[in-house]
Amino acid sequence: MTQELLTFEGVGKSYGDLTILSDLSFSLFKGEFITILGTSGSGKTTTLKLMNRLLEPDSGKIMLEGQPLAEKDPVALRRQIGYVVQQIGLFPHLTVRDNIATVPKLLGWDNARINQRVEELLTMVQLPGVDFAHRYPKELSGGQQQRIGVARALAANPKMVLFDEPFGAVDAITRHHLQEQLKNLHRSLGDKTFVLITHDIHEALYLGDRVMVMDKGRLVQFDRPEEIVSSPKTDFVKSLLATVNRQEKLLGGMT
Ligand SMILES: Nc1ncnc2c1ncn2[C@@H]1O[C@H](COP(=O)(O)OP(=O)(O)OP(=O)(O)O)[C@@H](O)[C@H]1O
Ligand SMILES: [Mg+2]
């Protein structure tokens with residue numbers, strides 16, 4: 001895990017007088033699973049959108065594999081970077097197969113190759129093609145739709161997949177199941193970098209090889225989960241961990 005994939009160097013972002021991100025610097029390596037944790041409004045989504053040029057920084061530099069991101073064609077770039085969000089679901093008028101095929105079609109893949117890839121991905125997310133390929137999104141549960149979202153993001157074999165609170169809208173049991181599947185999927189893919197935003201500290205610590213903690217537009221700690229737990233760097237990280245301790249106390253009290 002030593003090959004740098006993406007680097008932020010002193011990145012800043014403002015809207016008018018309002019500073020959203022200040023002096024953000026970090027590197028992500030190939031094959032890492034990164035989670036981003038922080039309060040609402042701390043700049044997590046903004047940071048993610050800078051990674052695929054849905055937004056541009058006002059200062060600083062972002063490099064992808066040693067080249068300035070700003071020099072990459074945004075459309076081509078977004079086809080190389082998967083993006084999974086909670087709010088924008090699947091295209092409702094397209095079948096599961098056609099949803100997954102969106103980017104491969106844009107890239108001009110032939111039908112045989114697309115069908116093979118769709119089958120492969122549906123198997124990977126454990127929704128077999130015979131049962132699911134021809135369904136429409138409304139014929140799927142929320143958790144199944146999220147898995148199709150993940151399959152769609154992986155369709156054209158991207159280097160990196162960005163997830164913005166992908167499991168926010170599913171129940172706790174399905175959420176645990178999806179977390180486990182995503183972790184296994186990441187492991188089995190080997191060289192893909194996943195970046196996942198969550199409000200859930202358990203999710204962040206469970207999924208992340210490293211956890212990025214943001215507070216008010218700043219990166220306050222970026223460490224392995226065990227380091228976050230054993231040596232929280234700021235009061236903010238400590239207060240996040242206190243919520244875990246509180247939950248555990250509550251659960252402990254119930255047994
Ligand atoms: N287009 C915009 N114009 C002005 N302010 C914006 C714009 N987009 C985002 N912001 C502000 O930037 C800040 C960071 O937003 P961002 O969406 O990155 O937060 P977040 O950490 O993802 O929050 P949440 O957990 O609620 O999703 C917020 O205060 C938000 O109001
Ligand atoms: Mg957000």
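The values are calculated or read from the model by the stated rules, or taken from the named source; none is laboratory data. The structure displayed is predicted, hence computed values, not measured ones. Cβ: placed from backbone, ideal geometry, glycine included. Neighbour counts: every protein chain shown. Side chains included, ligands, DNA and RNA excluded: accessible areas come from the protein's heavy atoms. Shrake-Rupley method; radii C 1.70, N 1.55, O 1.52, S 1.80 Å.
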Among the residues of the range 115-130, are any out of contact with any Gly (no Cβ under 8 Å at 6 or more places or on another chain) and within 16 Å of ligand 1 (Cβ to nearest atom)? no
Residues located in the range 25-54, provided they are within 15 Å of ligand 2 (Cβ to nearest atom), closer than 23 Å to Leu77 by Cβ and assigned to a strand (DSSP E or B): Thr35, Ile36
Scanning for something of a type in the set (Phe, Trp, Tyr), open to solvent by less than 70 Å² (accessible area, probe 1.4 Å), more than 28 Å from Met124 (Cα to Cα) and touching a residue at least 60 places away in the same chain (Cβ under 8 Å), does the range 6-15 turn up at least one residue? no
Being within 7 Å of ligand 1 (Cβ to nearest atom) and open to solvent by less than 10 Å² (accessible area, probe 1.4 Å) is the filter here; which residues of the range 34-43 pass it? Gly38, Ser42, Gly43
Helices (runs of 4 or more DSSP H) (entirely within the range 141-207) containing at least 1 residues that are closer than 17 Å to Arg78 by Cβ and open to solvent by less than 50 Å² (accessible area, probe 1.4 Å): 142-154
Taking first residues from the range 37-58 that are touching a residue at least 12 places away in the same chain (Cβ under 8 Å) and second residues anywhere that are within 12 Å of ligand 2 (Cβ to nearest atom) and open to solvent by 60 Å² or more (accessible area, probe 1.4 Å), the pairs with Cβ under 6 Å that are 6 or more apart or on different chains are Leu55/Lys49
Give Gly168, Gly142 a once-over and let me know the one that is closer than 26 Å to Arg246 by Cβ and either touching a Pro at 6+ places or on another chain (Cβ under 7 Å) or at pLDDT below 95 (or both). Gly168
For the range 101-116, enumerate the residues that are modelled with pLDDT under 95 and buried (at least 19 other Cβ atoms within 10 Å of the Cβ). Val103, Pro104
